[in-house]
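The values are calculated or read from the model by the stated rules, or taken from the named source; none is laboratory data. Keep in mind that this is a model prediction, so the values were computed, not measured. Counting neighbours? That spans all protein chains shown, and the Cβs are built from the backbone with ideal geometry, glycine included.
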Amino acid sequence: MPTQTFLDEWIGVKLRERKKRERELHRARPARYIRLRPRGYPLRDVSRTSPLSVSDEKLFEIYAREQWLGTTVAQGDILFDQRLIPDFAFEVVKVLPRGEVTITEDTRIFIEKTPHSTRIHREVRFADIIGHEDVKKKCRIILRYLKEPERFGEWAPKNVLFYGPPGTGKTMTAKALASEAQAKLFLIRATDLIGEYVGDGSKRIHELYSGARDSAPSVVFIDELDAIGLDRAYQGIRGDVSEVVNALLTELDGVQENPGVVTIGATNNPLMLDRALRSRFEEEILFRLPDERERYLILKHYAARMPLKVEADLREIAGLTHGMSGRDLKDRVLKVALHRALLENAPAVRKEHLEYSLKVFSGKTEPRELYI
C-alpha cells in the first residue's frame, strides 16, 4: 500500500502540473484569425474521392467557433470534428496573432477551399484501348456532351451503364473518356459508399455528387455497382443497401439539372441490379471478351513495355488464350511468364515461360511449382 507521504507528493505534483497548464492557458492570447485546411480521416477511408464541400462559409465559421470555443491552438495543430462529420481532421495553417491562441467568440475562422484535382489520366486515350470499337463509338457522344454540355440540354447522355466480364476494360474506358474530355474523374468502388451508421451511406453519395457538380465537366464512375444496387428481392438480406440505392436514385435523377456531369455505372452482372436503378441508365454498353486478333494486339502492346524482350510467337499464344480478358493476358499470362523468366535469370521471355503461365492459369500447375 502506498504511504501517506507518497500520496501527498503525488497529489502535489499533479496540482503543480494543473497550475502550470492553467497559467499557460491564461497566457494564450485570444485568436483574431484562424485558417483551417481539410485533412480528411486519420484511419479509415470513408468515401471519398470527392472533396469536402462547404455550402456556406459564414455558417461554417459559426459552426466551428461554437464547437472549438475555448480551445488553445497554434499553427500546425489538428482539430477533429466531433459533430457533423466525426473524426474529420482540420489542420490549423495560420493563426493571428502568432503562437498559441485561444478560440473566442470574436475569432474569425476561415476554411481553405480544397482545390479540385486537375490530374487527368493522360496516359490513357481511346487510341490505347484495343478493340471495343462499338464501345468507343458510343462514348464519342458522351465526349461531345462533356465538351459542349449547353448543346444538349434535356437530351444529355447523363447516365450510362458499362457491363460485361471482368477485366474487359470498363474502368480503362472511363479513364480514357475523362482524359479525352479534360474532365475530372470521380472513380469509386460501390462498396465505399456503404456507411457504418444509418444515413451515412446516403450522405456519402450526396457528397460525391456535390464534388462532381463543383468540378464539372466531370465523370462519376461507380465500379461494382451490383454490390449496392441489388434487386429489391436481395435487399432483405442486405438491409443497408436500400438507403444507398434510394440516395443514388435521387442523384441519378438530378444529374439532368447539372450540366457537364455524367454517371457511368459498371457491373459484371446487370441482371442483379435493382430494376428502378437499372432503368435510370438510358444506355447499356456491353464490353465483350477480345477475339483472337484483339488478343494478339493486346499481347503485343504489353509485351513491348516489359523489361525483358519476348522471344515467342505471340500470334500462337493468342490462339491458346480463348476466353481470356485483356487483364488476364497482361497479369496472368505475360506477368507470370516474366516472373518465371526472371527467376531463371533468362535473358528473354521465351515460349516455355508463356506456356508455363498458361498452365498456371488453367490450374494444371501445382502451387509449389511456382517457386521451383
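So, VAL73, is that one at pLDDT below 90, outside the structural domain of ARG213 (by TED's automatic domain parsing) and hydrophobic (A, V, I, L, M, F, W, C) or not?
So VAL73 fails the test.
Considering only residues that are of a type in the set (D, E, K, R) and not in a helix (DSSP H, G or I), look in the range 303-333 and name the one that is surrounded by the fewest Cβ atoms within 10 Å (Cβ to Cβ).
Among them, the one singled out is ARG305.
Going by the structure shown, is GLU251 modelled with pLDDT under 90 and surrounded by 15 or more Cβ atoms within 10 Å (Cβ to Cβ)?
So GLU251 passes the test.
Regarding LEU84, is this residue modelled with pLDDT of 70 or more, exposed (fewer than 11 other Cβ atoms within 10 Å of the Cβ) and either within 27 Å of PHE186 (Cα to Cα) or not assigned by TED's automatic domain parsing to the domain that holds LYS184 (or both)?
So LEU84 fits the description; yes.
For the structure I just gave you, tell me whether ILE109 is surrounded by 18 or more Cβ atoms within 10 Å (Cβ to Cβ), modelled with pLDDT of 85 or more, touching a Leu at 6+ places or on another chain (Cβ under 8 Å) and in a loop (DSSP other than H, G, I, E, B).
no
Give the residue that is farthest from the chain's Cα centre (by Cα), with candidates limited to residues of the range 80-100 that are assigned to a strand (DSSP E or B) and closer than 16 Å to GLU61 by Cβ.
LEU96
Given the conditions (1) closer than 14 Å to PRO165 by Cα; (2) under 24 Å from the mean Cα position of the chain (by Cα); (3) part of a helix (DSSP H, G or I), report the number of the one that ARG278 does not fulfil.
Looking at each condition in turn, ARG278 falls short on (1).
In this structure, is PRO259 within 28 Å of PHE152 (Cα to Cα), in the same structural domain as ARG151 (by TED's automatic domain parsing) and touching a Lys or Arg at 6+ places or on another chain (Cβ under 9 Å)?
No: the conditions fail for PRO259.
Given the conditions (1) part of a loop (DSSP other than H, G, I, E, B); (2) among the basic types (Lys, Arg); (3) free of Cβ contacts under 8 Å to residues at least 24 places away in the same chain, report the number of the one that LYS300 does not fulfil.
(1)
Could we say that ARG204 is modelled with pLDDT under 90 and among the charged types (D, E, K, R) here?
yes
Please go through the range 173-192 and pick out each residue that is surrounded by 21 or more Cβ atoms within 10 Å (Cβ to Cβ) and either more than 10 Å from the chain's Cα centre (by Cα) or assigned to a helix (DSSP H, G or I) (or both).
THR173, ALA174, LYS175, ALA176, LEU177, ALA178, GLU180, ALA181, ALA183, LYS184, listed by residue number.
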